[in-house]
1. Within the range 1-13, take every residue that is in contact (Cβ under 8 Å) with a residue 40 or more places away in the chain and in a strand (DSSP E or B) and give me the one that is nearest to L112 (Cα to Cα).
2. Please go through the range 54-79 and give me each residue that is over 17 Å from G32 (Cβ atoms) and assigned to a strand (DSSP E or B), ordered by number.
3. Select from the range 115-142 the residues that are surrounded by fewer than 17 Cβ atoms within 10 Å (Cβ to Cβ), within 22 Å of T79 (Cα to Cα) and either aliphatic (A, V, I, L, M) or touching a strand residue (DSSP E or B) at 6+ places or on another chain (Cβ under 8 Å) (or both) and list them in ascending order.
4. Testing I82 on (1) under 17 Å from the mean Cα position of the chain (by Cα); (2) touching a residue at least 40 places away in the same chain (Cβ under 8 Å), one condition comes back false. Which one is that?
5. For the structure I just gave you, tell me whether I33 is out of contact with any helix residue (DSSP H, G or I) (no Cβ under 7 Å at 6 or more places or on another chain) and either hydrophobic (A, V, I, L, M, F, W, C) or modelled with pLDDT of 95 or more (or both).
6. Pairs under 8 Å by beta carbon, first residue more than 15 Å from G5 (Cα to Cα) in the range 121-140, partner surrounded by 12 or more Cβ atoms within 10 Å (Cβ to Cβ) and of a type in the set (D, E, K, R), six or more apart or different chains?
7. Just wondering, is there one or more residues in the range 80-95 that are at pLDDT 95 or above, small (G, A, S), part of a loop (DSSP other than H, G, I, E, B) and surrounded by 12 or more Cβ atoms within 10 Å (Cβ to Cβ)?
8. If only one of K2, K42, K68, K16 is loosely packed, with under 13 Cβ neighbours inside 10 Å, within 16 Å of the chain's Cα centre (by Cα) and closer than 20 Å to D138 by Cβ, which one is it?
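The values are calculated or read from the model by the stated rules, or taken from the named source; none is laboratory data. Keep in mind that this is a model prediction, so the values were computed, not measured. Glycine gets a Cβ as well: all are built from the backbone with ideal geometry, and neighbour counts include every protein chain shown.
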Amino acid sequence: MKINGYNVPDNLHYNKEHEWIRIENDGCIKIGITDYAQQMLKEITFVYLPEKGITFNISETICTLESKKAISELFNPFTGEIIQVNDKLMKNPRIINEEPYGKGWIITIRPLKFKEEVGKLINSEQYAKYIKGLIKMDKDLLIYRWKEKES
């Protein structure tokens with residue numbers, strides 16, 4: 001589905017840190033950032049990837065993205081072991097901007113506490129509602145600032 005120009009695929013899970021999560025057939029989890037996130041960051045210029053084999057707890061920083069606009073951290077949506085990183089991002093981090101849900105994936109993890117942690121994810125409809133709220137809040141704040149300047 002499209003929400004105000006942002007692509008939100010129905011076949012993925014999400015979190016409120018603007019990460020998408022795809023549960024693969026083998027039980028591993030592929031992770032990337034959403035279209036909303038990559039558009040907010042603008043042009044991504046560098047990606048700091050973790051090493052394979054490292055285990056992270058849920059909500060720990062597993063990756064850092066640099067863009068012309070900001071530095072952003074990717075938080076682990078599950079406790080698990082990093083089993084694959086997208087090395088292509090080291091040479092061309094803009095792949096994330098070009099294909100956030102495809103070639104722009106960032107890491108794959110083997111979850112260690114899947115059953116306990118999967119309930120923290122939201123579906124595409126919930127994520128779409130969440131970003132609609134953020135968009136409205138941004139618009140309200142811009143209007144408020146503009147009106148304040150007129151006074």
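1. H13
2. Of everything in the range 54-79, those that are over 17 Å from G32 (Cβ atoms) and assigned to a strand (DSSP E or B) turn out to be T55, I71.
3. Correct list: V118, I122, N123.
4. Evaluating I82 over (1) under 17 Å from the mean Cα position of the chain (by Cα); (2) touching a residue at least 40 places away in the same chain (Cβ under 8 Å) leaves (2) as the failure.
5. no
6. Filtered contacts from the range 121-140: I122/K16.
7. no
8. K42
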